[in-house]
Amino acid sequence: MLPKGKRRHTVKPEYRATRDVEPETPPVIPTIDLEDEIAEDGVRTFTAAAEAAGLRLDQYLAQAIPDVSRARMQLLIEAGQVRVDGHAAKPKQKLKGGEAIEMEGSPAPPPLHAFAEDIPLDVVFEDKHLAIINKPAGMMVHAGSGATEDSRNAGTLVNALLHHFNHLSVVGGDLRPGIVHRLDKMTSGLIVVAKDDSTHRKLGEMFSAREVEKTYIALVHGNLAKDEATVDLPIGRDLVRRTRMTTRRALGSEGVRHAVSHVKVLERIAGAYGAFTLVEVRIETGRTHQIRVHMQALGHPVAGDTLYGAPHAVRGPKGELQLDRNFLHAAHLKFTHPQTHRQVDFSIPLPVELSAFLDDVRTALQGVR
């Protein structure tokens with residue numbers, strides 16, 4: 001609220017004076033070719049462009065060297081590998097333009113290569129062309145492209161596959177051998193992997209043509225209005241919370257893709273821990289977090305999925321009931337084998353932790369023992 005004496009003050013004159021003024025276009029930062037700047041001692045030296053005036057050091061470097069992320073630049077600066085005018089720098093240091101910047105070592109992280117690890121695998125089916133794995137929750141399918149340490153490149157499904165199988169397709173590159181499609185880290189269930197490039201490419205075409213039937217079981221909060229529903233909402237990266245996806249961006253925007261999920265109610269649960277609905281979800285498309293973000297869009301987040309609005313715990317007469325993962329399980333996978341042309345049709349039951357949680361919720365229907 002404005003102070004007394006100013007409450008009748010209007011901004012109209014100021015607005016009229018500026019409404020026809022074009023907003024300033026931010027300066028274009030000239031890019032730096034690091035290969036031209038390398039010295040024999042491994043230290044690159046270059047001069048900050050005049051356009052860097054007013055920018056933070058990490059912001060300027062991330063724009064001037066677009067192949068390297070701002071987060072990576074911050075790590076280099078904090079490690080003492082970047083100096084400005086001969087002095088140790090901080091990421092938030094403001095530049096004036098014209099400073100001498102020294103950078104020790106390469107700003108790009110070394111390339112990662114998947115390696116074999118002796119990790120138990122639940123192999124549901126295998127032949128010389130492909131395998132179907134029952135992936136547990138908590139296991140990443142492969143290391144992310146931003147991973148820079150062995151600890152972040154370890155314990156993945158790919159590492160386990162390399163240990164268990166003599167060969168895998170290389171279509172997906174060094175980090176993703178054999179990987180045709182993915183499951184979220186905290187989602188369990190069936191995933192198909194390819195052992196040779198021909199099978200990989202054919203499976204990829206089948207996924208694109210929606211010739212692979214993928215069905216999930218999920219427990220969601222609340223009581224769905226209809227027994228069956230189709231969610232046809234585009235999915236793209238949330239521009240504010242970058243770890244999330246959203247349905248609130250228009251199709252056609254950068255990175256926003258068409259997504260369709262078919263939801264069918266299996267069981268409605270209403271007890272002392274609140275209302276839940278057990279659903280079967282068949283997806284036509286395979287977008288990142290698709291089921292999770294579609295269920296959130298319906299107002300019914302997946303149990304345990306705190307990223308998309310589920311509570312950390314639900315309270316009842318026995319105390320708190322908590323699930324340390326998403327109640328989302330890839331239960332059924334069906335397709336025509338791309339090489340033998342035989343029908344491949346497998347289902348896998350809920351893992352123990354999900355069955356136990358579901359039993360606890362159901363027990364509340366009869367009250368506390």
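The values are calculated or read from the model by the stated rules, or taken from the named source; none is laboratory data. What you are looking at is a predicted structure, and each value in this text was computed from that prediction instead of being measured. With ideal geometry, Cβ positions are generated from the backbone for all residues, glycine too; neighbour counts draw on all protein chains shown.
Highlighted here are the strands (runs of 3 or more DSSP E) found entirely within region 195-293 that include at least 1 residues which are of a type in the set (A, V, I, L, M) and within 19 Å of LEU333 (Cβ to Cβ): 213-221, 260-271, 274-283.
Determine whether GLY304 is assigned to a loop (DSSP other than H, G, I, E, B), modelled with pLDDT of 95 or more, in contact with a Phe, Trp or Tyr (Cβ under 9 Å, 6 or more places away or on another chain) and more than 30 Å from GLU126 (Cα to Cα).
The answer is yes for GLY304.
In region 220-228, is there at least one residue being within 20 Å of LEU350 (Cα to Cα) and without any contact (Cβ under 8 Å) to a residue 40 or more places away in the chain? No, because not a single residue in region 220-228 is within 20 Å of LEU350 (Cα to Cα) and without any contact (Cβ under 8 Å) to a residue 40 or more places away in the chain. Restricting region 180-201 to residues that are in contact with a helix residue (DSSP H, G or I) (Cβ under 8 Å, 6 or more places away or on another chain) and in contact (Cβ under 8 Å) with a residue 60 or more places away in the chain leaves a set whose member that is nearest to HIS129 (Cα to Cα) is ALA194.
Screening LEU175 against (1) surrounded by 15 or more Cβ atoms within 10 Å (Cβ to Cβ); (2) assigned by TED's automatic domain parsing to the domain that holds HIS341 leaves a single unmet condition, (2).
When you check HIS181 against the structure, is it at pLDDT 90 or above, surrounded by fewer than 19 Cβ atoms within 10 Å (Cβ to Cβ) and either out of contact with any Gly (no Cβ under 7 Å at 6 or more places or on another chain) or not assigned by TED's automatic domain parsing to the domain that holds GLN322 (or both), yes or no? Steps first, please.
Numbers: at pLDDT 90 or above: yes; surrounded by fewer than 19 Cβ atoms within 10 Å (Cβ to Cβ): yes; either out of contact with any Gly (no Cβ under 7 Å at 6 or more places or on another chain) or not assigned by TED's automatic domain parsing to the domain that holds GLN322 (or both): yes.
When the stated conditions are applied, HIS181 passes them.
Given the criteria in the same structural domain as HIS221 (by TED's automatic domain parsing), under 22 Å from LEU239 (Cβ atoms), without any contact (Cβ under 8 Å) to a residue 24 or more places away in the chain and not hydroxyl-bearing (Ser, Thr, Tyr), does GLY319 qualify? No: the conditions fail for GLY319. Has region 202-213 got any residue that is within 25 Å of GLN339 (Cα to Cα), touching a residue at least 60 places away in the same chain (Cβ under 8 Å) and in contact with a helix residue (DSSP H, G or I) (Cβ under 6 Å, 6 or more places away or on another chain)? Yes, because at least one residue in region 202-213 is within 25 Å of GLN339 (Cα to Cα), touching a residue at least 60 places away in the same chain (Cβ under 8 Å) and in contact with a helix residue (DSSP H, G or I) (Cβ under 6 Å, 6 or more places away or on another chain). Residues that are farther than 20 Å from THR215 by Cβ and among the hydroxyl-bearing types (Ser, Thr, Tyr) within region 318-362 comprise just one, THR340. Of the candidates ALA39, ALA62, the single residue that is surrounded by 17 or more Cβ atoms within 10 Å (Cβ to Cβ), among the small types (Gly, Ala, Ser) and either at pLDDT 80 or above or part of a loop (DSSP other than H, G, I, E, B) (or both) is ALA62. Out of ALA137, ALA114, one residue alone is farther than 30 Å from ALA88 by Cβ, of a type outside the set (S, T, N, Q), modelled with pLDDT under 95 and surrounded by 21 or more Cβ atoms within 10 Å (Cβ to Cβ). It is ALA114. On inspection, ASP232 passes the criterion of being surrounded by fewer than 19 Cβ atoms within 10 Å (Cβ to Cβ), without any contact (Cβ under 8 Å) to a residue 40 or more places away in the chain and either aliphatic (A, V, I, L, M) or in contact with a strand residue (DSSP E or B) (Cβ under 7 Å, 6 or more places away or on another chain) (or both).
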